[in-house]
Every structure is written in structure tokens, then in C-alpha cells.
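What follows is a single structure, written as C-alpha cells, with notes after it.
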Amino acid sequence: MQILLLVAALGMAQEPPLQIPPPPMEAPVHAPAQSPAPAVPPKAPAQAPIPAVAASPSAPAAPLAFYSESFTYSWDRTIPLSINLDGLKVNSIFFNRRTIQSGFFNIIKGAEFGTRAQIEVTNTGKFPKVPGFAVAVLDKNGRLLGVASGGTKFGTVGPGETETFDLNFAQVKERLAFGDKFLLAIELRD
């Protein structure tokens, strides 16, 4: 019964089908029977350019703060950074494989749980921040070795708070230890 209610609710949430307006009144509905279809379609009359729509003054869209730069790469070492993007200070980044160092009777010791870039940030501003990060690792020939992204999904980095974010590398990650440079991009919202 619950499944049927869920299916019905999803069906109601869908958008209505696309409505195609009828042809203009001056256009004939049916082509004359005695004239054959032309081999080349007639050219449409020239239309006046459509004026650009002005942005609504009631809802101005604030652009995201953005930062992007290339850095020297190190595997399994903390790389200090001194980036300040509108009050969000990026302190460091760390690339490694997540492993468990100790475990219950050493049963799961050394188990790996993915490859990551861990970024530490501090909000030095007066307002909460919502950061998003992207990282690309390149080898000495400029070939892409892996890409990761992440950021705040719920909540914010409050004023004075220091947070760490794990950006996960998935699928293409086996050559990350051989990187030479990395690109870091940050998008920031208040």
C-alpha cells in the first residue's frame, strides 16, 4: 500500500507534458490539394531581434567568489597553503590513502578506505561560508592522474571555525603518488 502511495505521489510531482500552441490564425490549416509539395521549403520571413531580458531588480544574483591556481604536488605530506578568499583562509592540503592504523585485535588494521585530498580551512570573516573545492592532479608531462571534488553539503563554516574537507578520488586514482602539480579551484558562497 505504501509503495502505491509513493508511486502516486511521484506521478503527481511530475511536470505536465509539453503543450504545443496551435498555429497562427493567418497560416492555412491544410495545404491546398492541387499544389504539390515544394522541393525546397520556403524561407521564413525575417524576424526582428528579440530584446535581451533585463535581470529582475528584486532578485539580484550575487556571483560566487572564485579562486584557481596550480601548486607543486606532494604525496602523503601536508602542503601548507596561504590562500584567503573573501575571509576563508585555506591552511593546507594533504593527499593520501585513508587507512586504519589500529584496530580491534588488529583485525582491520591497515584497511584502506579510499584516496583523498584533505583540505583544512579557517573562516576569518564575519559571516558563515559555504565552500566548494575541486582538485586535479597532473604528472610531470601534464597528464591528468585524478580528480576529486567536495565541500560543504549541510551547514556552513562559521566565523572563527576551522574545518577539514575530504575530497574523494574515485575510479582514476592509482597513479596519484606520481603527481607533479595539482590544480585547486574554490567556489565560495556566504
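The values are calculated or read from the model by the stated rules, or taken from the named source; none is laboratory data. Everything quoted here is computed from the prediction, not taken from an experiment. Positions of Cβ are backbone-derived with ideal geometry, glycine not excepted, and every protein chain shown enters the neighbour counts.
Descriptive notes on the structure:
- Checked against the criterion of being at pLDDT below 95, closer than 16 Å to W75 by Cβ, of a type in the set (S, T, N, Q) and touching a Gly at 6+ places or on another chain (Cβ under 9 Å), the range 115-122 contains one or more residues that satisfy it.
- Scope the range 132-154; condition under 22 Å from L64 (Cβ atoms) and in contact (Cβ under 8 Å) with a residue 12 or more places away in the chain; matching residues: G132, F133, A134, V135, A136, V147, A148, S149, G150, G151, T152
- Of all residues making up the range 77-99, the number that are touching an Asp or Glu at 6+ places or on another chain (Cβ under 6 Å) and loosely packed, with under 14 Cβ neighbours inside 10 Å: 1
Here is a yes/no grid of residues against (1) of a type in the set (D, E, K, R); (2) at pLDDT 95 or above; (3) at negative phi; (4) crowded, with 18+ Cβ neighbours inside 10 Å:
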| position | (1), (2), (3), (4) |
| --- | --- |
| A148 | no, yes, yes, yes |
| K153 | yes, no, yes, no |
| T162 | no, yes, yes, no |
| F165 | no, yes, yes, yes |
| A170 | no, no, yes, no |
| K173 | yes, no, yes, yes |
| G179 | no, yes, yes, yes |
| I186 | no, yes, yes, yes |
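- The range 117-137: number of residues that are of a type in the set (A, V, I, L, M) and in contact with a Pro (Cβ under 7 Å, 6 or more places away or on another chain): 1
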